[in-house]
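Structure first, then comments.
Just so it is clear, none of the values below were taken in a lab; they were calculated from the coordinates. Predicted, not measured: the structure shown is a model, and the values here were computed from it. Don't worry about glycine lacking a Cβ; one is built from the backbone with ideal geometry, like all the others, and counts go over all protein chains shown.
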Amino acid sequence: MNLRQIELLRAVVRCETTVRAAQELGLSQPAVSNAIKHLESQIGFPLFERVNNRLFPTAEARSLYKDSEPIFALHAAFEGKVQDIKENRAGHIRIIATPPLGYGVLPSALRNYLAKRPKVRVSFDVRRFEHVIESVENGTAELGFVMGLDDDRGLACETFFTGDMVCVMRPDHPLAAKPTITPEDLRDVPYIALEQGTRMGTIVRNAFAQAGAPFRFSVEVRYCNTACVLVESGVGVAVVDPLSPVFSGHYDLAIRPFSPASEVRASAVRSRKRPISRAAEAFLREVRLVAAETATKLAAPELSARYSTSKCHP
C-alpha cells in the first residue's frame, strides 16, 4: 500500500461516500470507487461495508486509519518545512501550548520576541495536553509548553515555572476575606471543579483527599481559564493554576493561596531527536524572562508561589 492509496483510504473513511472523497481529492467518483476496489483486491480483505450508497469502514480500515496518523503528521511537517524554505523566511518557529500557558505566559513572551525580531514568522496553536506532546514528538511543533508534566515522555523538557494552585472567587465573595482557603472552606459553597482525569483535576482532588475533606462540585470544566470565566460570572469558586488568573487581566477576581500547598509546574518540551533552531531558543529565553517576572508578581503578600528553572534530566 503506497502513500497515495493510504491518502485515498483516509479520505473515504472521513467522508463515508466516494462522491465526497472524490471532491476532497480532486478526482472523479468512478476513479475513487475503482481505486478502493483495486486496493481491497490487492490487500486481500474488505475495507468497507456498502449500505445505501454509503461506505462504512470495517474494523480493519479503522485500525489502518488510526495507524496512518503519524505518517501524515510527518508529511504535513515536511510540507511545512518545504514551504518555509520556498518563501525564504528570515525564520519560522512552530510552537504549541496548553490553555493555561497559551493564554498567559506565551502571548506576553511572543509580543516581546516579535518586537525584537519582526521578520520571524510564528505558527502558534493552543491544544489539549496530549496533542501538545504528540505534536512535539512527531515534529509538527518545535516547542511545546504544558502544565503539570509528571514525566518527560521521552522528550527533553525544562521546567521554567513552579508554583502552587490558588483559589479564585469574586472580590465580594465571603471567602475573599480569608487569607488562605482550605478544602474545608469549600464544603458548603458552589464549587467549580477541574475535570477528573486531567492533571490539574488530579492535583486538586489529591489535596482534598490529603485534607480529609469531601470533594463536591456544582460544575466541572476541563480548563482553568474556563473556571475563571465562571467564577467571575458568579457561578462559584474554583482552585486553579496560579498563572491563569494572573494573565487573564480582564477577570475581576480575588486570588488566595490554597492549602494544602499543591505544586504545579510549567514546562517547555522539545524532541531529543532534533535540536531546536536558534529562533526557537531565542523565544524560549523570552518565556523564561516573562516567567521570572510573573513569579515576582506572585510573591506579593496576598499570594505565595515559587519559581525555579531546572532540567528534567541532568
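For V120, what residues show an amide H to amide H distance below 5 Å, using hydrogens built from the backbone and excluding near sequence neighbours?
Amide H neighbours of V120, under 5 Å, 5+ apart: none.
Rounded, prolate or oblate: which one fits the stretch 3-67, using the alpha carbon gyration tensor with axes a ≥ b ≥ c (rounded when a/c is under 1.5, else prolate when a/b beats b/c, else oblate)? All intermediate terms of the calculation are to be shown ahead of the outcome.
Details: a/c = 1.35, a/b = 1.25, b/c = 1.08.
Verdict is rounded for the stretch 3-67.
Are there GluC sites (Glu not before Pro) in the stretch 44-136 that DSSP marks as loop and that have at most 10 other Cβ atoms within 10 Å, and which are they?
Within the stretch 44-136, the qualifying GluC sites (Glu not before Pro) (loop, at most 10 other Cβ atoms within 10 Å) are E87.
Using Cα springs under 10 Å in a Gaussian network model of the chain, which residue among Y103, Y65, Y223 shows the largest mean-square fluctuation?
Result for the chain, Cα springs under 10 Å: Y65 fluctuates most.
In whole angstrom, and with the biggest value first, how far do the Cα coordinates of the chain range along each principal axis?
Cα extents, longest axis first: 72, 48, 36 Å.
Can you sort I93, I276 by how many other beta carbons sit within 10 Å, fewest first?
Listing I93, I276 from fewest to most nearby Cβ atoms yields I276, I93.
Taking the dipole about the Cα centre of the chain, with the C-beta of Lys and Arg at +1 and of Asp and Glu at -1, give me whichever of A266, P118, F215 is farthest to the positive side.
P118
Could you work out the per residue convex hull volume over the alpha carbons of the stretch 166-261, in cubic angstrom?
Looking at the stretch 166-261, the number lands at 82 Å³ per residue.
So what is the 222 nm mean residue ellipticity for the chain from helices alone, if each DSSP H run of at least 4 adds -39500 (n - 2.57) and you divide by all residues, rounding to the nearest 500 deg cm²/dmol? Walk me through the numbers before you get to the answer.
Values: 12 runs with 137 residues, N = 314.
So the helix-based figure for the chain works out to -13500 deg cm²/dmol.
To the nearest 20 debye, what is the magnitude of the charge dipole of the stretch 166-261 about its Cα centre, counting +1 on the Cβ of each Lys and Arg and -1 on the Cβ of each Asp and Glu?
So the dipole magnitude of the stretch 166-261 works out to roughly 180 debye.
Compute the angle between helix 105-116 and the longest alpha-carbon principal axis of the chain, please, reported from 0 to 90 degrees and rounded to the nearest 10.
Once rounded, the angle reads 80 degrees.
Treating the beta-carbon of each Lys and Arg as +1 and of each Asp and Glu as -1, no other charges, what is the dipole magnitude of the chain about its Cα centre, to the nearest 20 debye?
Dipole size: approximately 960 debye.
Using the alpha-carbon atoms, what tilt in degrees (0 to 90, nearest 10) does helix 199-211 show relative to the longest principal axis of the chain?
Approximately 40 degrees, to the nearest ten.
Calculate how many DSSP beta bridges within the chain are antiparallel, expressed in % of all such bridges and rounded to the nearest 5.
On the way: 25 of 40 bridges.
Approximately 60 percent, going by the DSSP bridge assignments.
Leaving out same-chain residues fewer than 8 places away, which aspartates and glutamates sit with a Cα under 20 Å from that of K178?
Straight-distance partners of K178: D164, D188, E232, D241, D252, E302.
Charges only on Cβ, +1 for Lys and Arg, -1 for Asp and Glu: so what's the dipole of the stretch 3-67 about the Cα centre, in debye to the nearest 20?
100
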